[in-house]
Structures are given as structure tokens and as C-alpha cells.
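Report on the following structure.
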Amino acid sequence: MNPADLTAQVETLVRDTLAGEGSGHDWWHIARVRACALRLCREEGGDPLVVELTALLHDIADWKFHHGDLEAGPRRSAEVLAQLGAPPELASAVVENVRRISFKGARVPDAADMTLEGQIVQDADRLDAIGAVGIARAFAYGGSAGRLLHDPGYTPLLAETPQAYRASGAPTIAHFYEKLLLLKERMHTSAARRLAEGRHAYMEQFLARFYAEWDGEA
Ligand code: ADP
Ligand code: NI
């Protein structure tokens, strides 16, 4: 199968699987991550086919929604790629990237053995979690999970394990401290670091304004 047919078929399958997902992992998250990752790839190098397939499959079965099973995503990605007849070497490169992408806690280090393509998709996924879109996604997630907007008495959890991170019932403002404000320092590529600066500054402005309004001072 030629690469364009393979990506088109993976895209169709991912669209069908994630259509209507309401927790911030809907198809448009995947579409934004793909576009951003391909842009980073043009600047940083790497194999665009591996980047595109990894971006398309990175949230196909999120561990947080599969009883904390960290293998759910890689397993499902491998099934999809095998079913569509992807060459084994390509499939395994994509699956190994998918296994390493997701954020697993403030104090859980990222995998040290990530490929350039994996780093690019992780950067793109994290860019989509910050800035204006990231703020919107965080409140969409908080709403879908029944979280408070903000609780001044809640202390953010700097999780040491994926399980602790998954168990956190953080109000959405606290999630900024548990994840979103940490992402700028965890970008791999210089292209992503540059984009993260503006998005990070925007979140800081948002938080300053949010607290001022919360206290009735603005
Ligand atoms: P991804 O898999 O794309 O790295 P996540 O699965 O961690 O991202 O989260 C999906 C979206 O929901 C992200 O924008 C993330 O910041 C947001 N999110 C995750 N956990 C929380 C939370 N406790 N409160 C608010 N938003 C959250
Ligand atoms: Ni994602």
C-alpha cells in the first residue's frame, strides 16, 4: 500500500473512533497535532510519514480512559497498522513513539530514548495543551469530568507516578500547575520551544486576570 493510502485509511479510522469525544481528545485535537507536527518536521527534520502516523494514532486509546493501562494505546495502534497492512518496520516505529507520547505526571520524566519523530509529535501534542487552545481544552476536560473551575484551598499535586497523576481530581486552575505551566520547559525541539514561549505567556496573562476577577479586583 502506498503511504498516502495508508495515512488516508488511518485518518478515516481515527476520525470514526474519536468523533464526538468530549474530553479534549476529539478529532480536531488530532488534526491540530498533525498539522503542527508536520510543521515542526519541516523545520527540524525527521521522517514525515512516521510523524504523521504517530500524530494520527497518539490518542487512539488513551491510558487514562482505559483503567490506567499504559499499553492500551500502543496495542491498539499496532492492531490498526497491522490490519491496514503497514510494513512491520514502519508500524513498530510508530507504535514505539505512541508508547512514549503522553504526559504522565509533573515528576515523571519523559522517556530518554525517544526518536526525533516521537519528540516532534510529543512537542506538537504539548503545544496543543497550552495557549488559548490549551486553556479551552482544559476547561472542556474539567467540565466533562465534573471538576470545579477553581478551589483556592486545593494544593496542586506534582505527581511522582502515572497512577497518582491519573487519580488527581484537580480543579481546572490547579491543572495549570500540575501540567500546563510545566510544558514549556519540557519541549524537545527549538521550533517548539519558540512557539511555546508565546502560548505560555498567554496562559500567565489569563491566570493573572482570572485571579483578579476571582477576588473582585478587575
Ligand atoms: P494528551 O494526551 O493530549 O497529552 P491529556 O490526555 O493529558 O493530553 O489531556 C487532554 C486534555 O485535557 C489536555 O488539554 C489536558 O491538559 C486536559 N486535562 C487533563 N487532565 C486535566 C485536569 N485534571 N483538569 C483539566 N484539564 C485536564
Ligand atoms: Ni493528544
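Annotations
- Selection count, the range 74-95, where residues are under 14 Å from residue 10 (Cα atoms) and either in a helix (DSSP H, G or I) or within 20 Å of the chain's Cα centre (by Cα) (or both): 12
- Identity of the residue in the range 10-44, over 14 Å from residue 127 (Cα atoms), within 15 Å of ligand 2 (Cβ to nearest atom) and touching a residue at least 40 places away in the same chain (Cβ under 8 Å), that ends up surrounded by the most Cβ atoms within 10 Å (Cβ to Cβ): 14
- Here residue 42 fulfils each of the conditions (1) closer than 22 Å to residue 131 by Cβ; (2) away from ligand 1 (no atom under 13 Å from the Cβ); (3) touching a helix residue (DSSP H, G or I) at 6+ places or on another chain (Cβ under 6 Å) apart from (3).
- Top-ranked residue in the range 133-167 [being part of a loop (DSSP other than H, G, I, E, B) and closer than 15 Å to residue 64 by Cα; ranked as modelled with the lowest pLDDT]: 145
- Taken as a whole, the range 101-119 holds at least one residue that is in contact with a Cys (Cβ under 9 Å, 6 or more places away or on another chain) and of a type outside the set (Val, Ile, Thr).
- Flag for residue 200 being in contact (Cβ under 8 Å) with a residue 60 or more places away in the chain, in a loop (DSSP other than H, G, I, E, B) and out of contact with any strand residue (DSSP E or B) (no Cβ under 8 Å at 6 or more places or on another chain): no
The values are calculated or read from the model by the stated rules, or taken from the named source; none is laboratory data. What you see is a predicted model, and the numbers here were worked out from it, not measured in a lab. Ideal geometry is used to build each Cβ from the backbone, glycine not excepted, and the neighbour counts take in all protein chains shown.
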